């Protein structure tokens, strides 16, 4: 029997998952209050946030994120089921979860999330005209006239969850709003069979 040839096959395709949390208006104020409390308790942990504040990576231990955690796990399952060969996956777990406060003039420099498989950003409180989350096109330097060189920008809104490949470079430009952009970031490790 002859095998059918596919006309187009994606190679190393990268997907972004976007999910809206329907209970954000109820849950986000509790998360926001705890983030603001912690930001007064200790100085920022230095990672990608310039001129802003980032919590320790154990924010998942905070009771205020328990409900949100269920939503994130549901979305991770949907993302993994649609985009990854599930026959080789045993399970997955969130290894790190931290809070970010980005006041006026702060930004996230371009970075990746090493030692993890998937990462995510969840928006707790987003001011109007907040800077976009920008993903660098991984193929931008390879024949840009054919493939294209445009980066992908995601406009943040309260309650938006974005899931992506941890190796995908991303950044957030300078926040020019008088209000801070506040959110959570996480890393996920996939365990194979």
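The values are calculated or read from the model by the stated rules, or taken from the named source; none is laboratory data. Fair warning: this is a prediction, and the values are worked out from it, not measured in the lab. Cβ sites come from the backbone with ideal geometry, for glycine too, and all protein chains shown count toward neighbours.
Quick notes on this one:
- Filtered residues of segment 38-53 (kept if assigned to a helix (DSSP H, G or I) and either in contact (Cβ under 8 Å) with a residue 12 or more places away in the chain or surrounded by 11 or more Cβ atoms within 10 Å (Cβ to Cβ) (or both)): 38, 39
- Meets criteria (closer than 23 Å to residue 50 by Cβ, out of contact with any strand residue (DSSP E or B) (no Cβ under 9 Å at 6 or more places or on another chain) and in contact (Cβ under 8 Å) with a residue 24 or more places away in the chain) for residue 100: no
- Across segment 173-184, not a single residue is classified as within 14 Å of residue 17 (Cα to Cα), in contact (Cβ under 8 Å) with a residue 24 or more places away in the chain and in contact with a helix residue (DSSP H, G or I) (Cβ under 7 Å, 6 or more places away or on another chain).
- If you check 193, 146, 88 for being modelled with pLDDT under 95, over 23 Å from residue 39 (Cβ atoms), out of contact with any strand residue (DSSP E or B) (no Cβ under 8 Å at 6 or more places or on another chain) and surrounded by fewer than 15 Cβ atoms within 10 Å (Cβ to Cβ), only one passes: 146.
- When 22, 2, 82, 56 are checked against the criterion of being more than 15 Å from the chain's Cα centre (by Cα), surrounded by fewer than 16 Cβ atoms within 10 Å (Cβ to Cβ), at pLDDT below 95 and not in a helix (DSSP H, G or I), 2 stands alone in meeting it.
- Verdict on residue 39 being in contact with a strand residue (DSSP E or B) (Cβ under 6 Å, 6 or more places away or on another chain) and within 18 Å of residue 166 (Cα to Cα): no
- Selection within segment 63-79 - surrounded by 20 or more Cβ atoms within 10 Å (Cβ to Cβ) and either in contact with a helix residue (DSSP H, G or I) (Cβ under 8 Å, 6 or more places away or on another chain) or part of a loop (DSSP other than H, G, I, E, B) (or both): 65, 68
- Conditions (1) more than 19 Å from the chain's Cα centre (by Cα); (2) under 16 Å from residue 122 (Cβ atoms): number failed by residue 41: (2)
- So residue 97, is it closer than 19 Å to residue 162 by Cα and either at pLDDT 95 or above or under 17 Å from the mean Cα position of the chain (by Cα) (or both): yes
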